[in-house]
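Let me begin by presenting the structure, written as structure tokens, before commenting on it.
The values are calculated or read from the model by the stated rules, or taken from the named source; none is laboratory data. No experiment lies behind these values; they were computed from the predicted model shown. No Cβ is skipped: glycine too gets one built from the backbone with ideal geometry, and neighbour counts run over all protein chains shown.
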Amino acid sequence: ADKFISGLSKTRDSFAEKLNDLVAQYRTVDEDFFEELEEILITADVGVNTVMELIDELKMEVKRRNIKDSSEMKEVISEKLVEIYYGDDTEEMEELQLAEEGLSVILIVGVNGVGKTTTIGKLAKRLKDQGKNVVLAAGDTFRAGAIDQLEVWGERVNASVIKHSEGSDPAAVIYDAIQSAKSKGADVLLCDTAGRLQNKVNLMNELAKVKRIIEREVPGAPHETLLVLDATTGQNALSQAKTFSQSTDVSGIVLTKLDGTAKGGIVMAIRNEMDIPVKFVGLGEKVTDLQSFDAHAFVYGLFA
Ligand code: GDP
């Protein structure tokens, strides 16, 4: 939890400072207070729709509890942020969904540069630490260097990597990786995929084909389709989420580089507008810098 908090320091410093200033400036909770708060939240990339919803909720709560003093607002804002994050889901599925027995297949999708390969390495490490036998599939045959980069991670975390040459058919790589994982009796296969969004239609067709192979070869798979998004790209991350979720069933989001932005509010926007759980967050470049996302810890961490 401490790691989670320190990884969020940029967002926290910026957000907490502004909020403290706000409370100091407006002692009473009035229309000006809300206007300023709205501005702060939008600047933190919480997203316009989510901010509007939050402000409405806050106004109702202020009325209901007859709150006058702005110093009481931090607690109310935290409560409401957590409530909005979870929405109607009483039980959020934060951890990975894996097969009860046999091979689990996890498909990792996302645009180049968001941290897909790094996330695969971090996830592999995490699964290995849980005693699982992990195989990596080098399904990004398009980007130069992608296969080598995955191999480096494979060596680092001691997981075998199944690859073909650059430019080959990703579906064939995934097929081979599944056979290899099965014959090894592996527990989890993590599949890298290409992320060239310049040719959206081709990419989506390619992902669909890869998915069909996985579905055909492993009943119940893919057990997760994780979309990797870069928190530092703000509203761009949200539009990538929309693009991918239109053509693939994204089951969870990994939000990387949260350590590199003061605009961590994007977590709220993604969860609220996409209705897809943020399963993990990346808080640095090291193999251990991947944390399960916990909205409660996140929100309260911002005010800590
Ligand atoms: P890919 O093209 O999506 O596979 O992206 P990479 O995995 O190669 O990552 C791109 C860059 O982002 C690399 O320099 C990574 O070290 C860096 N990176 C990935 N995740 C994180 C993170 O959570 N925090 C920080 N600060 N950097 C990250």
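Considering the stretch 183-196, the residues that are more than 16 Å from the ligand (Cβ to nearest atom) and in a loop (DSSP other than H, G, I, E, B) include one that is nearest to the chain's Cα centre (by Cα), namely Asp187.
Glu35 meets each of the listed conditions (1) within 16 Å of the ligand (Cβ to nearest atom); (2) over 30 Å from Ser183 (Cα atoms); (3) modelled with pLDDT of 95 or more apart from (1).
Just give me the residues in the stretch 181-203 being of a type outside the set (Asp, Glu), in contact (Cβ under 8 Å) with a residue 12 or more places away in the chain and farther than 14 Å from Gly139 by Cα, in sequence order. Quick ask: steps written out before the conclusion?
Our first condition is that a residue be of a type outside the set (Asp, Glu); within the stretch 181-203, this holds for 181-186, 188-191, 193-203.
Filter again for in contact (Cβ under 8 Å) with a residue 12 or more places away in the chain, leaving 181-182, 184-186, 188-191, 193-197, 200.
The answer is Ala181, Lys182, Lys184, Gly185, Ala186, Val188, Leu197, Lys200.
Of all residues in the stretch 30-62, those that are part of a helix (DSSP H, G or I), touching an Asp or Glu at 6+ places or on another chain (Cβ under 8 Å) and in contact (Cβ under 8 Å) with a residue 40 or more places away in the chain total 2.
Exactly one residue among Ile174, Ile178 is on the phi < 0 side of the Ramachandran plot, out of contact with any Phe, Trp or Tyr (no Cβ under 7 Å at 6 or more places or on another chain), away from the ligand (no atom under 14 Å from the Cβ) and without any contact (Cβ under 8 Å) to a residue 60 or more places away in the chain, and that residue is Ile174. Here Ala99 meets each of (1) out of contact with any strand residue (DSSP E or B) (no Cβ under 9 Å at 6 or more places or on another chain); (2) closer than 30 Å to Glu217 by Cβ with one exception, condition (1).
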